[in-house]
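Worksheet: one structure, shown below.
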Amino acid sequence: MVKFMNDERVYSFLGGPPFPYTHEDGVRWSKSVMERSQSLFRCMEDGNQFLDGCPVSSIREVYEDGSDVYIGDITIGRETPERTWVGPEDVDNLKKPVGDPTILYTVGDYLAPTHHRRGIMSTALRTIIDKWAIPRMNCQRITATAFVGNVASVGVFKKVGFEHVRDVSDAMNLPSGRGGHLMSVHLLEWVCK
């Protein structure tokens, strides 16, 4: 993970991770992912019909001998109302009960550069939506963003059924290690049909 997060072909298209990305950053991220996953698994064990996320986010390549290697990540969670593109109808998004069909979700993802342009991310995203988000979260709407000019990510989202809504100027502030300036994004949305 640390290697990917320090690769310009990955970090230049991500809004949040610090740069340079250290081993400690990876440990913190992994710990938070594990805690979230364990919480969601407990909700499943308790028999909850709907969950508020997907407990699995790692994308791995499995070799013929059964071994595997981490190649990326895909997460789905509630969109935060603080984002400039979130409309007034979603201002209470974080307060809605789990399973509410009006919850607005968002996805984030990245893939190792060695695995770009193979259809892996569009397959992973389609699988998360069809096999998890719809049946286990009652997900009806998802937003995604990509920095203006990130044609590959926009292509992945469109391939899975997202539609371009609009471009949002100065929407994301990069970490100070990457200049700390504002970036504009393409806003895309998927709606369950």
Cβ-derived FRET efficiency at R0 30 Å, K193 paired with V98, nearest 0.05: 0.85
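Taking a threshold of 26 Å on the Cα-Cα distance, which of the pairs K3/K158; K31/K193; K96/K193 fall above it? Please report the intermediate quantities before stating the final value.
Numbers: K3/K158 28 Å; K31/K193 35 Å; K96/K193 22 Å.
Exceeds cut-off: K3/K158; K31/K193.
Probe of 1.4 angstrom, ligands and nucleic acids ignored: what's the accessible area per residue over the chain, in square angstrom? Provide the component values of the computation, followed by the final result.
On the way: 10660 Å² over 193 residues.
Spelled out: the 1.4 Å probe surface of the chain, per residue, equals 55 Å².
How much of the DSSP bridge set in the chain is antiparallel, in percent, rounded to the nearest 5?
Details: 26 of 29 bridges.
Counting DSSP beta bridges with both partners in the chain, the antiparallel share is about 90 percent.
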Calculated FRET value between D167 and K3, using beta carbons and R₀ = 41 Å, to 0.05: 0.85
Rounded to whole Å, sorted largest first: equivalent-ellipsoid semi-axes of the stretch 38-106, Cα gyration tensor: 30, 18, 7
Reported label for calculated percent of Cα pairs over 30 Å apart given (1) 18; (2) 12; (3) 24: (1)
S58 versus S37: modelled label distance in nm, points set 7 Å from Cα along the beta carbon direction: 0.5
Charged-residue dipole, Cβ positions (Lys, Arg, Asp, Glu), the stretch 69-193 about Cα centre, Debye nearest 20: 480
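The values are calculated or read from the model by the stated rules, or taken from the named source; none is laboratory data. Since we're looking at a predicted model, the values are computed, not measured. So basically every Cβ, Gly included, is an ideal-geometry build from the backbone, and we count neighbours across all protein chains shown. We work out accessible area using only protein heavy atoms, side chains counted, and drop any ligands, DNA or RNA first. Shrake-Rupley method; radii C 1.70, N 1.55, O 1.52, S 1.80 Å.
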